[in-house]
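What follows is a single structure, written as structure tokens, with notes after it.
The values are calculated or read from the model by the stated rules, or taken from the named source; none is laboratory data. Every value quoted in this text rests on a predicted model; they were computed, and no experiment measured them. All Cβ positions, even for glycine, are placed from backbone atoms using ideal geometry, and neighbour counts span all protein chains on display. Surface areas here come from the heavy atoms of the whole protein model, side chains and all, with no ligands, DNA or RNA. Shrake-Rupley method; radii C 1.70, N 1.55, O 1.52, S 1.80 Å.
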Amino acid sequence: MGAGSNTGEWSIQELARAAGTTSRTLRHYGQLGLLPPSRIGSNGYRYYDERSLVRLQRILLLRELGVGLPVIGEILAGERDTATALRAQLDLLHGEQDRIRRRIESVRTTLGKLERGERLVAAEVFEEFDHTQYKDEVTERWGAQAYERGDRWWKALTPEQKQRFQQDQLDIAADYGRAWQAGLAPDSAEVLEITRRHYEWVTAGWQNRRPCAKEFAGLGEMYVADERFGVNYDRHGKGTVELVRDAMKYYADTYLE
């Protein structure tokens, strides 16, 4: 890791090289207040200590999870216990690891069948996207018939339709995340357009039954109340799910009955 491994202090070039980034990026982080140097030498060079290493690791890990720099600043500012913060980060990474592992296995199964000339089974291709995990929530909120209708609809889709439906949700979540990182308001034109697409996506999932204002706003509240739903949005920046909820509420109050 360079001289710092012996002295407990790293120059900006050494730290950038060890982290696989650039000195320019580290200076940018410093200008934003995310990674101030532990000291500046008489020659004007920036130096970083072991606490800086841990802090930079946190920044890079959060960036890999799609969290924007303004949100990272808020997260770091609110942390008092580095060890607790790292444990929370480790939990997030384990969750991401499990998701990636499931995706790898799904792709490996599909590839193996293609190479062997075997017939593909839709349930295996989309094994990662298990809609049945929310059966209890759907049944409790909207009744058993609602779940059964949705289950029949999902099973009737072609593999291509299922993939398109899932990709639409991923695109919408990513666009919400970009809007959150840009600081856009729930009633801004850009966010309203994302929310309109979101409403159409929900309508498709409800077999073209258009949710009323109360139902659509209620979905937004559920996203915030249940982290299993919220994580689909907050992986694009902690706090995104609150923007989603507020945008859905505004859209419901303004455009729906």
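So which residues in the stretch 20-69 are of a type in the set (A, V, I, L, M, F, W, C), over 25 Å from Ala174 (Cβ atoms) and surrounded by 15 or more Cβ atoms within 10 Å (Cβ to Cβ)?
Leu26, Leu35, Leu53, Leu56
Filtering the stretch 207-238 down to residues that are in a loop (DSSP other than H, G, I, E, B) and within 21 Å of Thr254 (Cα to Cα), which residue is least open to solvent (accessible area, probe 1.4 Å)?
Out of the qualifying residues, it is Pro211.
Condition first: out of contact with any helix residue (DSSP H, G or I) (no Cβ under 9 Å at 6 or more places or on another chain), surrounded by 16 or more Cβ atoms within 10 Å (Cβ to Cβ) and in contact (Cβ under 8 Å) with a residue 60 or more places away in the chain. Can you find one or more residues in the stretch 166-174 that meet it?
yes
Take Thr254 and decide whether it is open to solvent by 30 Å² or more (accessible area, probe 1.4 Å), on the phi < 0 side of the Ramachandran plot and either among the β-branched types (Val, Ile, Thr) or free of Cβ contacts under 8 Å to residues at least 60 places away in the same chain (or both).
yes
Sort out for me the helices (runs of 4 or more DSSP H) sitting completely within the stretch 1-73 that have 1 or more residues that are modelled with pLDDT of 85 or more and of a type outside the set (Phe, Trp, Tyr).
In the stretch 1-73, the matching helices (runs of 4 or more DSSP H) lie at 12-19, 23-31, 50-64.
Any residue in the stretch 175-191 that is surrounded by fewer than 18 Cβ atoms within 10 Å (Cβ to Cβ), part of a helix (DSSP H, G or I) and at pLDDT below 85?
Scanning the stretch 175-191, I find no residue that is surrounded by fewer than 18 Cβ atoms within 10 Å (Cβ to Cβ), part of a helix (DSSP H, G or I) and at pLDDT below 85, so the answer is no.
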